[in-house]
Amino acid sequence: MKKANGDEIGENMIKFGPAGIPIGLEKGGTKEGILYTAQLGLEAFEVEFVRGVKMKVNDAREVGSVAKEHNTTLSAHCPYWINTAAKTKEKIETSIRNILQTAEVASEMGAWVIVLHPGYYMGRPSQECVKLSISTLKRAKEKMDQHRWNVILGLETTGGVAELGTLEECIEIANSIEGAVPVIDFAHIHGRNGGCLRKKEDFARIFETIERKFIGGNKYVKNFHSHFSELEYSAKGEIRHIPVGKEDEPPFKPLAEIIIENGYSGTIICESPLLEEDAIKMKKIYEKVFKKFQK
Ligand SMILES: [Zn+2]
């Protein structure tokens with residue numbers, strides 16, 4: 001089947017996978033987790049270094065070969081405490097160090113993107129923080145290039161209103177750094193904007209913004225990286241991630257529809273507390289929408 005512009009539309013345009021080691025895995029670590037995920041029919045896996053990078057380079061290589069063998073697309077998530085717009089020099093240096101640690105093991109395992117939360121405003125205007133974040137990330141990127149660590153920096157849209165990381169800010173930062181992309185966390189966008197994602201058009205706006213404002217955005221929507229789950233939130237934004245299909249906050253189906261109708265493709269990592277179970281749930285919804293679209 002072809003789209004109006006001639007692009008092929010395939011059923012496996014979206015790769016689904018868990019954020020970290022599957023809940024159902026009884027024994028083992030990342031390697032076993034990837035194998036388990038692949039056996040469930042999922043195609044992606046995000047390795048979580050959110051509480052620090054403890055994996056050794058040799059282990060990362062082994063993880064990479066398991067993923068390769070099972071056709072699993074790998075990404076990695078940097079530590080949570082990174083703040084690329086920190087007020088002190090010390091915290092900036094720590095953030096760079098943590099990004100580099102993640103980049104090294106991610107590169108060794110063949111992950112294509114390392115995801116990070118840009119940081120916090122701490123009472124400062126957006127533009128001041130964006131500038132600082134860019135300068136921090138440029139320094140990190142320079143070091144990554146020196147080491148030839150072949151990974152892209154992924155700026156994730158953040159969930160709290162006190163956090164640097166609206167879609168526009170992530171795009172602006174990514175535009176200033178060679179080899180950086182915005183990573184769409186749909187739950188976070190929904191939560192920090194008072195529940196803004198309800199209908200197809202709401203999800204469409206995200207992709208349109210990327211296509212319009214992100215340099216290379218037209219290409220990126222064909223290979224985007226994202227996180228999905230539902231979210232409990234307040235006026236301050238994110239409270240916690242909750243299972244998919246619980247409250248429709250946000251609903252997944254309209255996202256699947258907009259992806260299929262527009263021929264977007266990429267990866268959706270499931271960050272709900274049910275990880276692989278909800279990744280499978282989303283994959284099933286997606287396939288159902290796809291079949292309906294084909295008719
Ligand atoms: Zn994240």
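The values are calculated or read from the model by the stated rules, or taken from the named source; none is laboratory data. These numbers come from a predicted model, not from an experiment. We place every Cβ from the backbone using ideal geometry, glycine too, and count neighbours over all the protein chains shown.
Step by step: first the residues of region 144-170, then only those that are within 19 Å of residue 75 (Cα to Cα), of a type in the set (A, V, I, L, M) and under 16 Å from the mean Cα position of the chain (by Cα), then the one that is nearest to the ligand (Cβ to nearest atom). Which residue is that? So the residue we want is 155.
Of the residues that make up region 197-204, is at least one of a type in the set (Phe, Trp, Tyr), part of a loop (DSSP other than H, G, I, E, B) and more than 16 Å from the ligand (Cβ to nearest atom)? Looking for residues that are of a type in the set (Phe, Trp, Tyr), part of a loop (DSSP other than H, G, I, E, B) and more than 16 Å from the ligand (Cβ to nearest atom), one finds none in region 197-204, hence no. Give me the pairs: first residue in region 191-202 and farther than 24 Å from residue 260 by Cβ, second residue buried (at least 16 other Cβ atoms within 10 Å of the Cβ) and among the hydrophobic types (A, V, I, L, M, F, W, C), beta-carbon distance under 6 Å, and six or more apart or on different chains, which are they? Going by the 6 Å Cβ cut-off, the qualifying pairs are 191/231; 192/161.
Residues in region 179-196 that are in contact with a helix residue (DSSP H, G or I) (Cβ under 9 Å, 6 or more places away or on another chain), among the small types (Gly, Ala, Ser) and within 16 Å of the ligand (Cβ to nearest atom): 180 alone. Of the residues screened, residue 100 is one that is outside any loop (DSSP other than H, G, I, E, B), surrounded by fewer than 24 Cβ atoms within 10 Å (Cβ to Cβ), within 20 Å of the chain's Cα centre (by Cα) and more than 16 Å from the ligand (Cβ to nearest atom). Is there a residue being in contact with a Phe, Trp or Tyr (Cβ under 8 Å, 6 or more places away or on another chain), over 17 Å from residue 164 (Cβ atoms) and more than 16 Å from the ligand (Cβ to nearest atom) anywhere in region 107-130? Taking every residue of region 107-130 in turn, at least one turns out to be in contact with a Phe, Trp or Tyr (Cβ under 8 Å, 6 or more places away or on another chain), over 17 Å from residue 164 (Cβ atoms) and more than 16 Å from the ligand (Cβ to nearest atom). Just wondering, is there one or more residues in region 239-256 that are under 28 Å from residue 33 (Cβ atoms) and of a type in the set (Gly, Ala, Ser)? Looking for residues that are under 28 Å from residue 33 (Cβ atoms) and of a type in the set (Gly, Ala, Ser), one finds at least one in region 239-256, hence yes. The C-beta contact set for region 70-85 (first residue part of a strand (DSSP E or B), second residue aromatic (Phe, Trp, Tyr), distance under 7 angstrom, 6+ apart or interchain) comprises 74/45; 75/112; 76/49; 77/49. Among the conditions (1) under 19 Å from residue 91 (Cβ atoms); (2) buried (at least 17 other Cβ atoms within 10 Å of the Cβ); (3) in contact with a strand residue (DSSP E or B) (Cβ under 7 Å, 6 or more places away or on another chain), the only one that residue 157 does not satisfy is (1).
When residues in region 9-65 are screened for being in a loop (DSSP other than H, G, I, E, B) and closer than 21 Å to residue 244 by Cα, 12 of them pass. Per the listing 176, 226, the residue uniquely within 16 Å of the ligand (Cβ to nearest atom) and either at pLDDT 95 or above or of a type outside the set (Phe, Trp, Tyr) (or both) is 226.
If the condition is being in contact with a helix residue (DSSP H, G or I) (Cβ under 6 Å, 6 or more places away or on another chain), among the aliphatic types (A, V, I, L, M) and assigned to a loop (DSSP other than H, G, I, E, B), then region 135-169 contributes 151, 161.
Residue 127 - would you say it is under 28 Å from residue 194 (Cα atoms) and either more than 20 Å from the chain's Cα centre (by Cα) or not acidic (Asp, Glu) (or both)? When the stated conditions are applied, residue 127 passes them. Restricting 91, 141, 87 to residues that are surrounded by fewer than 16 Cβ atoms within 10 Å (Cβ to Cβ) and more than 16 Å from the ligand (Cβ to nearest atom) narrows the list to 87.
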